[in-house]
Amino acid sequence: MGEEARTADDFLGANPRTPAPPPTIGSSVIPIVNKLQDILTPVRGQLAQISLPQVAVVGSQSSGKSSVLEALVGRDFLPRGCDICTRRPLVLMLENLPRRPDEDGVAEWGEFRHLPGKRFYDFSKIRQEIQAETDREVGYNKGVSDKEIRLKISSPNVLNMVLVDLPGITKVPVGDQPSDIEARIRKMIMAHIRQENCIILAVSPANSDLATSDALQMAREADPTGSRTIGVITKLDIMDRGTDARKFLLGNVIPLRLGYVGVVNRSQEDINKNRSIANALTYEERFFRDHPVYRGLLDHCGIPQLARKLNQILEHHIRTVLPDLKAELNSFMVGVIKDLRTFGEAMESRGEQGVILLNILTRYCEAFSAMVDGKSQELSTKELSGGARIQYIFQSIFVKSLEEVDPCDDLNDDDIRTAIQNATGLRNSLFVPEVPFEALVRRQIARLLDPGHQCVQFVYDELMKMSRACETTELQRFPLLRRRMDEVMGKFLRDGVIPAERMIENLIEMEMDYINSANPNFLGGTKAVELAKQEFKSSQGSHPPSNNERPVPSGGYNATKNWGIKSIFGSRVSSGESQASRSLSETVSFMEQKPSTIQLSEPPSTLRPLEVTEHDEVIIIATKLLLRSYYDIVRKNIQDLVPKAIMHFLVNHTKRNLHSAFIKKLYRENLFEELFQEPDEVVVKRKQTHQLYDVLQNAIQILEEVESDVLPQSSNLRLGADTTNGLPKTPEFSSSSLRLTNYSASRSSYLPSFTGSSSRRLFHSEEHSNGL
Ligand SMILES: Nc1nc2c(ncn2[C@@H]2O[C@H](COP(=O)(O)OP(=O)(O)OP(=O)(O)O)[C@@H](O)[C@H]2O)c(=O)[nH]1
């Protein structure tokens with residue numbers, strides 16, 4: 001079989017009949033990543049997809065960057081050669097495409113972002129298109145641009161990862177290149193290799209001064225700790241006779257944590273002769289094996305060795321993301337199990353339905369009680385809920401509002417005086433104003449009924465809210481049952497309101513019915529009068545008496561205490577002397593004529609007491625004192641008893657009897673069918689959730705297999721671990737008993753550490769998953 005006739009599979013090792021191929025980048029990791037992808041495909045969108053660090057080649061012009069990259073991918077497709085150079089960053093997105101079982105033909109192709117939909121199956125055409133696209137952007141004459149060319153290679157034999165071929169560092173502008181070409185290229189390179197998830201392949205040709213390598217200088221700038229830089233020394237085959245790169249390869253000149261690999265790529269002559277990669281690799285292998293210096297350094301030599309080193313880094317990376325992936329899968333599983341519980345199992349028999357109904361009713365009542373008692377599992381820290389809200393209604397609304405009521409605020413002095421005189425009736429007023437006090441205090445007690453009723457209403461509203469919040473998981477799938485339960489609950493609570501309200505009415509009526517002036521906390525008449533007198537006196541001291549001088553209310557009679565008949569007569573007598581004598585004469589003459597009739601003027605329909613005496617003032621003050629004192633006693637009783645009544649007749653009654661009310665109303669076999677009707681979407685969702693559960697279980701199992709796959713493999717691999725290059729062994733790789741969960745703690749500093757913002761890039765970037 002001629003070289004040109006060989007397929008990519010021959011190089012990439014997909015054909016089991018060919019001997020094991022030389023490793024290419026990612027080849028050892030592909031099976032693992034494929035397995036992981038199998039896990040993630042069914043739950044795509046729910047979990048982050050795994051993504052790998054990108055690899056960028058950096059170095060001076062014609063140092064062999066494209067050649068290295070090409071050899072690592074195992075495909076001829078990059079423009080290479082003396083006169084052709086990389087003049088725009090080439091972002092090579094490798095996409096792993098699962099091979100379809102019946103496929104035996106071409107399974108690989110390339111696609112450019114600037115030519116969407118156009119597949120390139122012939123890789124030499126890809127090379128031409130890269131050149132043409134470069135020329136289109138920057139002209140034919142050595143121009144350079146930072147505008148990327150994006151090429152996606154889809155193949156079953158590559159990993160999902162990104163490789164970047166960067167323009168070579170150049171110092172002297174040629175052709176169309178601007179005078180600051182070096183600065184521009186450096187900036188372009190740094191923009192890529194500064195990214196924390198970028199593995200830098202710092203390529204230096206062995207036939208130039210390695211100690212002043214531009215590649216190593218830039219790599220050190222971008223990666224000062226050297227934790228993600230691999231030194232690649234090319235052109236070992238064309239070094240000056242008598243010189244070799246031994247010291248360099250061993251890291252004795254410029255040490256690098258990840259070490260160096262020396263390679264021999266195809267020469268210009270090889271390219272001209274179309275020498276294949278496989279052929280070149282064979283040549284390279286022979287070169288190192290036969291070389292007097294390098295044959296002792298085989299760990300540091302050859303493209304396969306470089307691929308192996310990169311693969312170790314990729315494996316390490318995968319091991320680092322596995323615990324996160326596993327945690328993600330597990331927490332996803334927790335959610336699915338919760339959903340499963342919600343959707344439950346389909347029910348078959350009546351007996352089963354009965355058991356489930358009892359279960360649901362019991363759980364609902366328990367959840368309700370827990371909410372009232374503040375024992376609910378989902379206690380909020382943001383706001384009051386459940387029983388705490390009822391307590392707030394009692395204490396901060398009901399009790400506080402009553403506290404603020406002044407029993408005299410709707411009574412002015414005239415009202416009180418009127419009440420006193422009304423109570424006195426025909427008698428002279430008693431000194432102790434008990435009768436008006438009782439009438440007035442009753443009126444104030446009656447005012448307590450409304451807040452009592454409002455309080456019941458508030459608590460009822462809260463209980464309704466709580467009942468709606470009692471969302472037991474099973475109930476979500478039985479909306480009809482939920483509706484029936486809401487109805488029962490609503491009626492039950494409304495029924496509970498009635499005795500609570502009746503009790504409150506009774507309490508108020510009891511308080512109104514018997515004014516217990518013997519209550520030891522009551523001020524009492526005598527004491528009240530005494531205090532009133534004092535108060536009156538002190539008010540007299542500070543304010544001159546005014547009440548007696550008050551103008552008589554309009555519509556009244558002339559001011560005398562004894563209003564009534566006398567005053568009516570008085571009004572006639574006081575009409576003046578001349579008038580009196582005239583009247584007298586008139587009367588006499590009238591009497592001579594016929595007997596006269598005494599005419600009383602009708603009393604006005606509304607009568608108010610006329611003048612306020614000192615006695616009245618004292619009585620008014622005393623009455624207010626008595627009112628406040630007694631009202632305080634009643635207020636305390638009501639503040640105490642109304643919440644008790646509501647708790648007893650409504651809240652606790654519900655807690656105690658709701659369950660049996662539910663059973664009575666709902667636990668009926670003839671209702672089961674209706675109550676347990678499930679909406680179609682629940683049936684569908686249950687099926688989907690069951691499927692997802694199976695997928696996840698399988699995924700977790702595969703992940704565990706992958707974990708155990710990765711561990712022993714890795715334990716055989718040593719990254720920069722031989723003592724010949726002066727680097728200590730990396731602990732992870734030398735112990736096969738390591739546990740994955742310890743990786744973050746035990747991760748070697750000799751491996752790339754993708755920290756900080758880069759750790760988020762462990763997973764698929766949007767860009768990559770969107771294709772080009
Ligand atoms: N003999 C020999 N020639 C090599 C080696 N590596 C690369 N070359 C040749 O060096 C020239 C440049 O190689 P490229 O791979 O294009 O180098 P590059 O760094 O990508 O070049 P620019 O993109 O222009 O910066 C080509 O002619 C290669 O054949 C090597 O190891 N040995």
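The values are calculated or read from the model by the stated rules, or taken from the named source; none is laboratory data. Note that the structure is predicted; figures quoted are calculated from it, not measured. When we count neighbours, we look across all protein chains shown, and the Cβ atoms used for this are built from the backbone with ideal geometry, even at glycine.
Tabulated data
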{"read-out": "Glu505 vs. criteria of a type in the set (D, E, K, R), touching a helix residue (DSSP H, G or I) at 6+ places or on another chain (Cβ under 7 Å) and either assigned to a helix (DSSP H, G or I) or surrounded by 15 or more Cβ atoms within 10 Å (Cβ to Cβ) (or both)", "value": "yes"}
{"read-out": "Verdict on Ile169 being of a type outside the set (Asp, Glu), crowded, with 24+ Cβ neighbours inside 10 Å and touching a helix residue (DSSP H, G or I) at 6+ places or on another chain (Cβ under 7 Å)", "value": "no"}
{"read-out": "Which listed residue, of Glu315, Glu284, is among the charged types (D, E, K, R), modelled with pLDDT of 85 or more and surrounded by 16 or more Cβ atoms within 10 Å (Cβ to Cβ)", "value": "Glu284"}
{"read-out": "Odd one out for Asp135, checked against (1) in contact with a Ser or Thr (Cβ under 9 Å, 6 or more places away or on another chain); (2) part of a helix (DSSP H, G or I)", "value": "(1)"}
{"read-out": "Unmet requirement for Pro224, which otherwise passes all of (1) modelled with pLDDT of 90 or more; (2) more than 14 Å from Ser63 (Cα to Cα); (3) buried (at least 17 other Cβ atoms within 10 Å of the Cβ)", "value": "(3)"}
{"read-out": "Hey, Phe431 at negative phi, modelled with pLDDT of 80 or more and not hydroxyl-bearing (Ser, Thr, Tyr) or not", "value": "no"}
{"read-out": "Qualifying residues in the range 268-278 (those that are in contact (Cβ under 8 Å) with a residue 60 or more places away in the chain and surrounded by fewer than 15 Cβ atoms within 10 Å (Cβ to Cβ)) - the one nearest to the ligand (Cβ to nearest atom)", "value": "Gln268"}
{"read-out": "Unique match (being hydrophobic (A, V, I, L, M, F, W, C), out of contact with any Pro (no Cβ under 9 Å at 6 or more places or on another chain), at pLDDT 85 or above and buried (at least 19 other Cβ atoms within 10 Å of the Cβ)) among Ile130, Ile149, Ile153", "value": "Ile153"}
{"read-out": "Residue within the range 233-251 that is closer than 30 Å to Ser124 by Cβ, touching a residue at least 60 places away in the same chain (Cβ under 8 Å) and away from the ligand (no atom under 14 Å from the Cβ) present", "value": "no"}
{"read-out": "Some residue of the range 288-299 being within 14 Å of the ligand (Cβ to nearest atom) and of a type in the set (A, V, I, L, M)", "value": "no"}
{"read-out": "The range 53-75, subset surrounded by 24 or more Cβ atoms within 10 Å (Cβ to Cβ) and within 6 Å of the ligand (Cβ to nearest atom), residue nearest to Arg220 (Cα to Cα)", "value": "Gly59"}
{"read-out": "Check on Phe112, modelled with pLDDT of 90 or more and either out of contact with any Ser or Thr (no Cβ under 9 Å at 6 or more places or on another chain) or within 15 Å of the ligand (Cβ to nearest atom) (or both)", "value": "yes"}
{"read-out": "Qualifying helices (runs of 4 or more DSSP H) (wholly inside the range 618-734; at least 1 residues being more than 40 Å from the chain's Cα centre (by Cα), at pLDDT 80 or above and on the phi < 0 side of the Ramachandran plot)", "value": "652-666, 669-675"}
{"read-out": "Elements of type strands (runs of 3 or more DSSP E) contained in the range 138-227, each with 1 or more residues being under 20 Å from Asn252 (Cβ atoms) and within 14 Å of the ligand (Cβ to nearest atom)", "value": "198-205"}
